[in-house]
Structure formats: C-alpha cells, structure tokens
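Here is the structure we will look at, set down as structure tokens.
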Amino acid sequence: MQDYYNVISKCDAAGESTSFVEFMLKCLLEAMESYEPQENEEPDGLHDKLHDKLHDNFPQLPEKAFEILEVLSAHPSYNAEDIGEQVSLSLRQVKTHLNSLKKAGLIVRVGSNKTGYWKVTIE
C-alpha cells in the first residue's frame, strides 16, 4: 500500500500519470497471474450440463441439430449456408435441422430472412 502512495505522490509532483498507469497495470497483471479458477467456475461444465439437459428434454433431435444450436448461439446472424460450412452439412440438411429446432421451440427467427437473426430461446 505504501508503494501506491509513493507512486501517486511522484505523479502528482511530476504533473503526469504514466508512472501511476504502469504501476496499476503491474498490479493487475500480478493479480491475474496468481488467479486460479475454481472447479465450479469451469465454463465447459456448464456447457456439458446444458447439453445433457437438452438431450434429455429433446431426445428426438439428432446431434447435428445441437451442433447447429451451438453455432447459432455464437453467431445468430449466420444464414443456413454459413451454418452448413461450420457443421459440414448441405444446405438442405441445415434447413431440415433448423425446422426441427423451430418446432421444438429452441430457436426463433427474428426479422427477415435477409437482415434478421436467430434467437436461441434456451433459458
């Protein structure tokens, strides 16, 4: 804490803040380097639980439909062609899976086909 006050007084005397900014960035870097995420903070764990829950609630949907759902949650503005490139499916196959996801209530199209986006409705 003493270093903090020393840096502030030096910056105040010099009339500029470069030393203070460098000091704060160093403090942030040290804090980030010492941070270790806890086991329950793992984002993949949440992803796996959500994935399992979806499979339990919608057993009729194939795995590719869930892959499309993941793509849409990351890129809602993708069209069927873009989605097909991401999940290695034909345009017709993507449209079939999109219809299945819509019927299941997992996605909704907002706006027009040209300028709209996909809204994933999972809570």
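The values are calculated or read from the model by the stated rules, or taken from the named source; none is laboratory data. Just so we're clear, the structure is a prediction, and the values are computed from it rather than from any experiment. FYI the Cβ positions are ideal-geometry reconstructions off the backbone, even for glycines, and counts take in every protein chain you see. We work out accessible area using only protein heavy atoms, side chains counted, and drop any ligands, DNA or RNA first. Shrake-Rupley method; radii C 1.70, N 1.55, O 1.52, S 1.80 Å.
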Point to revise | Mean Cβ count within 10 Å, highest first, over the residues of peptides 81-90, 13-22, 68-77 | key: 68-77, 81-90, 13-22
Check your understanding: From the residues GLN86, HIS51, MET32, which one has its Cα farthest along the dipole of the chain in the positive direction, the dipole being from +1 and -1 charges on Cβ of Lys/Arg and Asp/Glu about the Cα centre?
Key -> GLN86
Point to revise | Ratio Rg/Rh [Cα only; Rh per Kirkwood] for the chain | key: 1.31
Check your understanding: With the contact rule set at Cα under 8 Å and sequence spacing of 6 or more, what percent relative contact order holds for the chain?
Key -> 17
Revision key, fill the gap. Counting only protein heavy atoms and leaving out ligands, DNA and RNA, the solvent-accessible surface of LYS102 at a 1.4 Å probe, in Å² to the nearest 10, equals 90
Exercise for review: Please count, across the chain, the pairs of lysine residues with Cα atoms under 15 Å apart that sit 8 or more places apart or on different chains.
Suggested key: 5
Exercise for review: With runs of 4+ DSSP H residues as the only contributors, calculate the mean residue ellipticity of the chain at 222 nm using -39,500 (n - 2.57) per run, divided by the residue total and rounded to the nearest 500.
Suggested key: -20000 deg cm²/dmol
